[in-house]
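For reference, the structure discussed in these notes is given below.
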Amino acid sequence: MEDLKRVIEDYIREAVELPENRKLSGDINWNLVDADVYARINPVRNTVSLFYKLFDEIATEIEYNDQITRDYKNHE
């Protein structure tokens, strides 16, 4: 499972960096990131729930770190 989590995280990080996956505000558009990563992973029926469990864990961590980075830059 750790290998799958690592792959999902790599794909999420790639998708988050794409300008088309950001809102005008600079926030991450998670719907678009989800679509990109889901298409690349293409989970089969019995692994969809595991995919979303891992996706949500990783997305929460990335969102938190992204907010900290933006807050830091706003205070410079």
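Lys/Arg Cβ at +1, Asp/Glu Cβ at -1, dipole of segment 1-52 taken about the Cα centre: which of Asn29, Asn46, Val16 is farthest positive-ward?
Asn46
Would you mind working out the magnitude of the charge dipole of the chain relative to its Cα centre, with +1 at each Lys and Arg C-beta and -1 at each Asp and Glu C-beta, to the nearest 20 Debye? Working shown, then result.
On the way: 10 positive and 17 negative charges, 46 e Å.
Around 220 debye, computed over the chain.
Relative contact order, percent, of the chain when contacts are C-alpha pairs under 8 Å separated by at least 6 residues?
Numbers: 30 pairs, mean separation 22.7, N = 76.
Once normalised by length, the contact order is 30 percent.
Using a Gaussian network model of the chain with C-alpha springs under 10 Å, which one of Asn31, Asn65, Asn46 is most mobile by mean-square fluctuation?
Asn46
Where is the GNM fluctuation largest for the chain (alpha-carbon springs, 10 angstrom cutoff): Arg13, Arg45, Arg22?
It is Arg45.
The list (i) 28, 19, 8; (ii) 56, 20, 5; (iii) 25, 13, 9 gives values of semi-axes √(5λ) of the Cα gyration tensor in Å, and only one came from this structure; which label was calculated from it?
(iii)
We did not get these values from a lab; they are worked out from the coordinates using the rules stated. The shown structure was predicted, so the numbers you read here are calculated from the model rather than taken from an experiment. Cβ sites come from the backbone with ideal geometry, for glycine too, and all protein chains shown count toward neighbours.
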